[in-house]
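Here is the structure we will look at, set down as structure tokens.
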Amino acid sequence: MHMANELLSLPVATGTLAIAVASLGFVCRKVRQIIASDKVALMGVLGAFIFAAQMVNIQLPAMPGTSGHMVGAVLLAIILGPHAGAIVISSVVIIQCLIFQDGGLLALGCNIINMALVPSYLGYFLYKTATTGQAGSLRAYLGTMFACVLAIEAGAFLVPVQAALSGVLVVPFSTFLITMLGVHFLVGLIEGVITVAVIAYLQQVRPDVVPDSLPGKVRLSRKAVITTLAVFALAIGAGLSLLASDLPDGLEWSYAERPDQTDFETAVSNESPAVVAVDDFQSKYSPLPDYSLRSSAIGKIGEEEPGVSAGWTSFAGVVGSALTMAVIWLAAQILRKKQPQRA
Amino acid sequence: MHHAHIDKFAYQDSLIHRLDCRIKFMVLLVFTAVVISLPRTSPGILTCYAIGPFTILVWAKIPLRFVFKHILLVSPFVVVLALSCPLYDKTPVTVAFGPIIWQSSLGWMRCFTILAKFIVTMSALIALVSTTRFNDLLTGLQRLGVPKLLTVQLGFLYRYIFVLIDRTHRMLRARAGRKLRNLGFKAELKIAAAMLGSLLVRSIDNAEHTNIAMQARGFDGNWRTISKLQIHRADYVFATAAAFFLLVLHFFVKPVVL
């Protein structure tokens, strides 16, 4: 599920972007050690394969009219190994952002983490732990299934966490989480079934392709994976517990006056001019909402505008912007009509 | 096949198209960051910010219908989440917009802000992508420090997406032509797995052929392009104009007003 710019706050977006960039850089270094330049073409074409594979849809049982398709992260991690798989899926996510505009530019960090890094590594790790080598057995298939469901669920779990840390949405965290996990349980099941079916097909047709036989052996040390998971869990836990204490929910707005709608009636009236001014200042001058210097607000008390004129200024702003765009458009039309005559 | 023409406007020519892609990319990054850090409950101010991408799109002769169609295509997830805001935040507010004054809730304000931000940042992203050739963008990204392995990977991916998508379209058409009804989940799954499996095997074989051809021509992991990036005077003018635009909006258009 592609995260959008608008559902993230700036600190969360830049933070996740930094994490994603750092880990991608690390993975690239790692992959260059493992893979020779002759596998570059293979990785590129398999990325394109993921795109194409997402178009092959199958009709779902019990839900007529709906159809599902595969995501492919776990399949690729199984075939290419986790590092190369993570790079390929990340490049797919980047192309989806840049060419197809799925998910925003600043949300790219979140999307890379949720849909590429986490599913590839977690999926590969679970697959390896559950199957212990021999491909083609029932155990291997069940293990693949399990890996797919959990890998997708882990990615889906991070979406509400990031949204909640940003505080843009007012949907309660638990509702969002349950919805995402529920929907992605189905997605994961479909993914698992298709992945197993494709691997079974490959086993019959091209047994040399299946389980990471392609580019040199990759080893994920169990200790490293468990440590990473623990750090991740701690970080998320810490973030969420911080959040529980100062989540900007509806309450925040009910005790203070809304600065952008000046004639909004306060539910719990707090008429102290200092409080009003602080909130006023906060939304007026803060580059990052919720993070502003409160001390310098005191001097600004006198600058409040009466409600009616605020309405008119907003009207002027919107109409003015619309007019500007109309003028630009008309000018472009006129200039464009003139050009062919000259030529 | 609508995919095949998704960045067709990148091959036009205009002043915007000729700008250096690194400058355009950085401007887009800053613009997006500024827009998403705007207050969450004042949709009005975003019309002022919309002037920026709008000017660039019009100047670069990108049809606005194409832009809106594209934004609509990628919007469902955001629209669902934005529409859920009014359900949870029912704090009443009085909205004064010029002569009209009406009662609404804060949730609706949030909803419209999210949607407006979505439209503004998406049109800015489309403005970058449809005025920059992807290969130039990759060269620029590599100069900005993106690992070479990743840019080469992206270049390959871009080269082969449309090939494989066309191939898949043919397979899907063949399936639709032979299978005239729903065959039940098991049969459907078997067909899909065979399609995906053969697609995968063909991709791997393709990659092998490409690799042999590239090795024969001396590919050593470096991507050599003839696109030479140079920052001209126009680029400085563009960057200054963009900075001026954002600064003016930041200091003269206050969220409290809107």
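None of the figures in this text is laboratory data; all of them are computed from the coordinates on show. Remember, it's a predicted structure, so these values are computed and weren't measured experimentally. Here Cβ is always computed from backbone atoms with ideal geometry, including for glycine, and neighbour counts include all displayed protein chains.
A few comments on the model shown:
- Highest-first arrangement of A:317-329, A:49-61, where packing means the average Cβ count within 10 Å: A:49-61, A:317-329
- Left without a cysteine partner by the 4.7 Å Cβ rule in chain B: B:CYS21, B:CYS48.
- Karplus (6.51, -1.76, 1.60) ³J(HN,Hα), θ = phi - 60°, over the stretch A:171-187, in Hz, Gly and Pro reported as x: 4, x, 3, 5, 4, 4, 4, 5, 4, 4, 5, x, 4, 7, 5, 4, 4
- Rounded, prolate or oblate (a/c below 1.5 giving rounded, otherwise prolate when a/b exceeds b/c) for the stretch B:140-208 by Cα gyration tensor: prolate
- Under 17 Å of direct C-alpha separation, and excluding same-chain neighbours fewer than eight residues apart, A:LYS223 reaches these lysines: A:LYS128.
- Descending by average beta-carbon neighbour count within 10 Å, the peptides B:69-78, A:107-116 line up as A:107-116, B:69-78, the highest first.
- Shape of chain B from the C-alpha gyration tensor: oblate (a/c of 1.5 or more and a/b not above b/c, with a ≥ b ≥ c the square roots of its eigenvalues).
- Distance between modelled label sites at B:HIS209 and B:LEU72, nm, 7 Å Cα→Cβ extension: 4.0 nm
- Backbone amide hydrogens, once placed in the peptide plane, bring B:PHE97 within less than 5 Å of B:TRP102, excluding anything fewer than 5 places away on its chain.
- Inter-chain neighbour count for B:53-59: the average number of beta-carbon atoms from partner chains within 10 Å of each residue's beta-carbon is 4.
- Extending 7 Å from the Cα toward the beta-carbon at both B:LYS8 and B:LEU247 defines two label points whose distance is 4.1 nm.
- Anisotropy class of the stretch B:107-258 from Cα gyration tensor, a/c 1.5 cut: oblate
- Summed side-chain charge close to B:LEU196 - residues other than B:LEU196 whose Cβ falls under 14 Å, Lys, Arg +1, Asp, Glu -1: +3
- Too-long pairs where the Cα-Cα distance tops 20 Å, listed order kept, from A:LYS39/B:LYS148; A:LYS338/B:LYS24; A:LYS338/B:LYS61; B:LYS24/B:LYS228: A:LYS338/B:LYS24
- Distance (nanometres) between label positions extended 7 Å along Cα→Cβ at A:ALA22 and B:ALA187: 5.4 nm
- Take each residue in B:40-49, count the other chain C-beta atoms within 10 Å of its C-beta, and the mean is 6.
- Residue-wise HN-Hα coupling along the stretch A:149-165, computed from phi with Karplus coefficients 6.51, -1.76, 1.60 (Hz; x: Gly, Pro): 4, 5, 5, 5, 4, 5, x, 5, 4, 6, 4, x, 4, 5, 5, 5, 4
- Over all other residues within a Cβ to Cβ distance under 14 Å of B:ALA243, the charged ones net out to 0, with Lys and Arg as +1 and Asp and Glu as -1.
- Averaged over A:317-327, number of beta-carbon atoms from partner chains that fall within 10 Å: 5
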